[in-house]
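**Student:** Would you mind keeping the following structure in view while I ask a few things?
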């Protein structure tokens, strides 16, 4: 089954304790992206990656890191989480062809609480 | 900065058409207009996209204004399962890559 998986689905942590949220897709997609969703603000793009070893900042990259060492995986790293990073996080993937629309497939989300 | 503006909420009766509007007055010539929807407790799912011409698929139709500063997602016959938050998004191509700019979404309530 074609899918995007995220782990963990729920996480409660404390300020300053490094954490990683994993994202994996099995569709051989080049493009992967991380979003955060906050009430009243909708979804905002954090980082995206066009292919292995190619990443770039979205609209809200501060406090986050990413890496793309393999095509299927795109982990989101919070080196020193703070309470304002409490949010619902989504990973997404799509083909990257440079033309046409390229539908994004979203994971189920990770709800992060930073105390 | 590019952004999209949508009404916060809309209501529709079941089996009737729904027209969900979106303004994107700062759209650039190569920006694609995407629509996604998010059912409760799920990630967003793709609905439809377009560039300049109106588009139809099995889920919906997308009507794009001639100046591209607005668009309308049309659900031809709303069902209870269509109750969701609908997002109008610009996909901007910059330096050979894509950025996605989401609006805050319209919460659609479908009345039985």
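**Student:** Using the basic label-point model (7 angstrom from Cα toward the beta carbon), what is the residue A:113 to residue B:92 distance in nanometres?
**Tutor:** 3.5
**Student:** If you don't mind, there's one more thing I want to ask. If one computes the Cα centroid of the range B:42-92 and of the range B:1-39, what distance in Å separates the two points?
**Tutor:** Using only Cα atoms, the two centres lie 7 Å from each other.
**Student:** Going by how many other Cβ atoms sit within 10 Å of their own, how do A:34, B:35 line up, fewest first? It would help to have the intermediate numbers written out before the result.
**Tutor:** On the way: A:34 27, B:35 23.
Ranked by crowding around the Cβ, least crowded first: B:35, A:34.
**Student:** Report the extension gain between residue B:109 and residue B:10 in nm, rounded to one decimal, defined as 0.36 nm multiplied by the number of residues separating them, less their alpha carbon distance. All intermediate terms of the calculation are to be shown ahead of the outcome.
**Tutor:** Numbers: separation 99, 0.36 × 99 = 35.64 nm, distance 0.63 nm.
Working it through step by step, the gained length comes to 35.0 nm.
**Student:** Pairs of Cα atoms under 8 Å, at least six residues apart: use those to get the relative contact order of chain A, whole percent.
**Tutor:** Numbers: 299 pairs, mean separation 40.6, N = 115.
Value for chain A: 35 percent.
**Student:** Using only the Cα atoms of the protein assembly as shown, construct the convex hull and provide its projected area averaged over every direction, in square nanometres to one decimal.
**Tutor:** 12.3
**Student:** Nearest 0.05, what FRET efficiency do residue B:79 and residue A:2 give at R0 = 35 Å with Cβ-Cβ as r?
**Tutor:** On the way: r = 25 Å, r/R0 = 0.71.
After rounding to 0.05, the efficiency reads 0.90.
**Student:** On to the next question. If contacts are Cα pairs under 8 angstrom and at least 6 residues apart, what is the relative contact order of the range B:6-86 in percent?
**Tutor:** On the way: 145 pairs, mean separation 29.4, N = 81.
Worked out over the range B:6-86, it gives 36 percent.
**Student:** Hey, with R₀ at 30 Å, roughly what FRET efficiency would residue A:77 and residue B:39 work out to, going by the Cβ-Cβ distance, to 0.05? Let's see the in-between values first.
**Tutor:** Details: r = 29 Å, r/R0 = 0.97.
Once rounded, the FRET efficiency stands at 0.55.
**Student:** Now a separate question. Averaged over B:89-99, how many beta carbons belonging to a partner chain fall within 10 Å of each residue's beta carbon? Please report the intermediate quantities before stating the final value.
**Tutor:** Numbers: counts 4, 0, 4, 0, 2, 1, 2, 4, 10, 11, 7.
Partner-chain Cβ atoms within 10 Å, mean over residues of B:89-99: 4.
**Student:** What full-extension length gain, to one decimal in nm, is calculated for residue A:13 and residue A:41 as 0.36 nm per residue of separation minus the Cα-Cα distance? Provide the component values of the computation, followed by the final result.
**Tutor:** On the way: separation 28, 0.36 × 28 = 10.08 nm, distance 2.30 nm.
Length difference between fully extended and current span is 7.8 nm.
Values in this text are rule-based calculations from the coordinates and carry no lab data. For clarity, every value in this text was computed on a predicted model and none was experimentally measured. Neighbour counts run over all protein chains shown; Cβ positions are idealised from the backbone, glycine included.
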